[in-house]
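The values are calculated or read from the model by the stated rules, or taken from the named source; none is laboratory data. As the structure is a computational prediction, the values presented were derived from the model and not from experiment. When we count neighbours, we look across all protein chains shown, and the Cβ atoms used for this are built from the backbone with ideal geometry, even at glycine.
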Amino acid sequence: MEEKALGALTWIAGILNENDIPYCIGGGMATHIYGSGRLINDIDISVSGKYFSAIVPLVKDYIIDGPKHYKNDKWDCTTISLNYAGQDIDMTDTDTLLMSKKDGTGWIKNKEIYQKYPNVIKEIDGTHVSLMDPRVLLEYKQELNGKHQESDRKFLEKYIKSNY
């Protein structure tokens with residue numbers, strides 16, 4: 001893992017852990033931690049929006065956008081975007097997060113997907129990190145387009161087959 005990604009991950013996980021804020025790392029970072037070789041673009045963190053008021057003062061010097069409501073063709077959510085030492089971190093409110101179905105027929109309440117399996121705790125550089133279960137991650141990524149998503153799905157399918 002690149003040094004800036006590792007530093008940002010342990011920094012934000014440390015803050016969330018120390019303040020007893022439940023969270024879940026997803027996206028490419030979680031896939032990378034499970035063993036994928038794909039480079040990390042950003043760190044995606046799912047957290048209940050009820051904690052945003054506690055999080056903002058702890059990370060205020062690193063906020064580049066939000067908290068704010070964001071909506072496009074794919075997402076409808078409240079987010080906070082951070083940049084720590086050159087690494088982007090996106091925090092999304094799981095209570096209200098909606099993702100459009102890949103086929104365009106409606107919206108998925110991501111909270112329903114997240115609750116299917118408990119988070120997985122891994123120790124990364126001395127910090128306990130809460131990760132999205134790989135089965136949840138795969139289900140989530142099946143609704144996303146792009147070559148990097150396809151690469152992640154293929155990796156996760158093999159990982160799940162070998163580990164579950």
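Of the listed requirements (1) free of Cβ contacts under 8 Å to residues at least 40 places away in the same chain; (2) over 25 Å from residue 71 (Cα atoms), residue 109 misses just one: (2).
Specify the residue that is surrounded by the most Cβ atoms within 10 Å (Cβ to Cβ); the eligible residues are those in segment 105-164 that are assigned to a helix (DSSP H, G or I) and β-branched (Val, Ile, Thr). Residue satisfying both the conditions and the ranking: 136. Output the residue which, of all residues in segment 35-46 that are buried (at least 19 other Cβ atoms within 10 Å of the Cβ) and over 18 Å from residue 147 (Cβ atoms), is modelled with the lowest pLDDT. Here the answer is 46. No other residue among 78, 94 is touching a His at 6+ places or on another chain (Cβ under 7 Å) and either over 19 Å from residue 36 (Cα atoms) or not β-branched (Val, Ile, Thr) (or both) apart from 78.
Of all the criteria given as (1) surrounded by fewer than 17 Cβ atoms within 10 Å (Cβ to Cβ); (2) of a type in the set (Gly, Ala, Ser); (3) assigned to a loop (DSSP other than H, G, I, E, B), the one not satisfied by residue 14 is (3).
Among the listed residues 1, 29, identify the single one that is in a loop (DSSP other than H, G, I, E, B) and not small (Gly, Ala, Ser).
1
Considering segment 47-100, the qualifying strands (runs of 3 or more DSSP E), each wholly inside and each with 3 or more residues that are in contact (Cβ under 8 Å) with a residue 40 or more places away in the chain and surrounded by 17 or more Cβ atoms within 10 Å (Cβ to Cβ), run over 87-93.
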